[in-house]
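The values are calculated or read from the model by the stated rules, or taken from the named source; none is laboratory data. Keep in mind the model is a prediction, meaning the values are calculated, not measured. Here the Cβ positions follow ideal geometry from the backbone for every residue, glycine too, while neighbour counts run over all protein chains shown. Surface areas here come from the heavy atoms of the whole protein model, side chains and all, with no ligands, DNA or RNA. Shrake-Rupley method; radii C 1.70, N 1.55, O 1.52, S 1.80 Å.
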Amino acid sequence: MTNQRKGASLAKSLLNIWSWLFLFLILAFFEIYAQIETGNTFVFRVYNLQSIAVAASQILLLALGLTLVIVAGHIDLSIGFTTGLAAVVMALVIRWIGPDSGWLAVILAMGVGIFAAVIVGLVNGWLVAHLNVPSFIGTLGTYGIARGAALIVAGGATVSIRSDAARAFGNGDILGFPVPVVVAVLLSLLFHYLLTHTKFGVHVYALGASRASVERAGVDVQKLLIALFVLSAVTAGVGGLIYTGRFSAGAANAGEPILLYAVAAVFIGGASLTGGQGTVMGTVIGATIIAVIQFGLVFSGLPPYWQFVAVGLVIIVAVLVDQSKDKLTGGRT
């Protein structure tokens, strides 16, 4: 009996850190492959690490707010086109003001782009909190609305811009670190603090575990839900701003390819399908795993669409791990 308990405890511990182990394994795999095929290193090249970090930051900017929503027991499927809407709005504002306005135009455009994203978040929160629409259905609806709105305001085309300030925001660096990476790191630290060191974070975990208990404790669940969906929309909007800066254009589908990766990053990082579990640092690891897979497959010469197959398989593994943890703990209460 004691041996069985020790075995179960060891298995649970391994399952809790499986994402770290998996990250180590895929890094080791691509390092061995690089050494054999090219005679060069994969892990210890600055260019490779920078490329992986930038790719991970793109995923993180959509996944950070989503992490809070999933921990609370909900989902936000609208973030992909919330990103696109913010990207298009930013580009249109810069084009309207004129490319010679420099940072003034970019800062104003960022504010308007985030405002557009906040509107989507408010609609999501209102649907879920006040009308009791299931978040899957509600955010699927706003997914379509945000997509249509972005295409309408963009005239169905990509909105290109000429702005050195916007380009510097998307492609510049701070102390040698790419701006998108710096932004993602700062937001990750902020959201980690919110989730682990504030009453807000306690309420988020409690809501995912048992809404009835949170309501009995006197927490305004409606306001909490609205705040969660607004935060999710804001981080997705920031992703749109980065996109416009990087590519000097706003596109309605800017975040669509990243939606799957963002959801995957949260679950790979240890979030539960039923809510009440998950961490920001886990999401960071999940985004890093996906970025390594993306870059590693391209490095290996495989076509880009294999990335979707690989990430899909990892999502299935993450769900199986979550179910295994449930069995070892006797299920959630």
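Results, tabulated for the structure shown:
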{"quantity": "For GLY269, residues with placed amide H under 5 Å, excluding near neighbours", "calculated": "GLY286"}
{"quantity": "Residue-normalised accessible area of the chain, expressed per residue, 1.4 Å probe, Å²", "calculated": "47"}
{"quantity": "Rg/Rh ratio calculated on Cα atoms of segment 199-243 (Kirkwood radius)", "calculated": "1.14"}
{"quantity": "Estimated dipole of segment 45-325 in Debye, rounded to 20 [Cβ of Lys and Arg +1, of Asp and Glu -1, Cα centre]", "calculated": "60"}
{"quantity": "Label-point separation in nm, PHE115 to ASP173, each point 7 Å along Cα→Cβ", "calculated": "3.6"}
{"quantity": "5 Å binning of all Cα-Cα separations within segment 247-291, expressed as whole percents from 0 upward", "calculated": "6, 23, 24, 18, 13, 10, 5, 2"}
{"quantity": "5 Å-binned pair-distance histogram of segment 223-333 (Cα, whole percent)", "calculated": "2, 10, 16, 19, 20, 16, 9, 4, 2, 1, 0"}
{"quantity": "Most positive-pole-ward Cα, MET110, ILE32, GLN222, against dipole of the chain from beta carbon charges", "calculated": "GLN222"}
{"quantity": "J(HN,Hα) series, segment 251-268, from Karplus relation 6.51 cos²θ - 1.76 cosθ + 1.60, nearest Hz, glycine and proline x", "calculated": "10, 4, 9, 4, x, 4, x, 8, 4, 4, 5, 5, 4, 4, 4, 5, 6, 4"}
{"quantity": "For SER160, distant residues with modelled amide H under 5 Å away", "calculated": "GLY250"}
{"quantity": "Vicinal HN-Hα couplings computed from phi for segment 109-123 (Karplus, 6.51 cos²θ - 1.76 cosθ + 1.60; Hz; Gly/Pro x)", "calculated": "5, 4, x, 5, x, 5, 4, 4, 5, 4, 4, 4, x, 5, 5"}
{"quantity": "The chain, accessible surface, carbon-and-sulfur percent (1.4 angstrom probe)", "calculated": "69"}
{"quantity": "Dipole of the chain [Lys/Arg +1, Asp/Glu -1 at C-beta], most positive-end residue of PRO257, ALA157, LEU64", "calculated": "LEU64"}
{"quantity": "Among ILE26, ILE161, ILE258, residue whose mean-square fluctuation peaks in a GNM of the chain (springs only between Cα atoms under 10 Å)", "calculated": "ILE26"}
{"quantity": "Cα-Cα P(r), segment 45-325, percent of pairs per 10 Å interval", "calculated": "7, 29, 36, 21, 6, 0"}
{"quantity": "Simple spin-label estimate for LEU21 and LEU302 in nanometres, 7 Å along Cα-Cβ", "calculated": "2.2"}
{"quantity": "Residue with peak Gaussian network fluctuation, the chain [Cα springs, cutoff 10 Å], from VAL317, VAL46, VAL263", "calculated": "VAL46"}
{"quantity": "Protection-proxy order for peptides 81-89, 243-251, 284-292, 63-71, each taking the mean of Cβ atoms within 10 Å per residue, highest first", "calculated": "81-89, 63-71, 284-292, 243-251"}
{"quantity": "Alpha carbon centroid spacing (whole Å) that separates segment 235-291 from segment 20-80", "calculated": "11"}
{"quantity": "Estimated FRET transfer efficiency (ASN253, ARG216; beta-carbon r; R0 45 Å; 0.05)", "calculated": "0.55"}
{"quantity": "FRET efficiency, SER324 to PHE200 (Cβ-Cβ, R0 30 Å, nearest 0.05)", "calculated": "0.50"}
{"quantity": "Principal axes of segment 127-194: Cα extent on each, largest first, Å", "calculated": "47, 39, 14"}
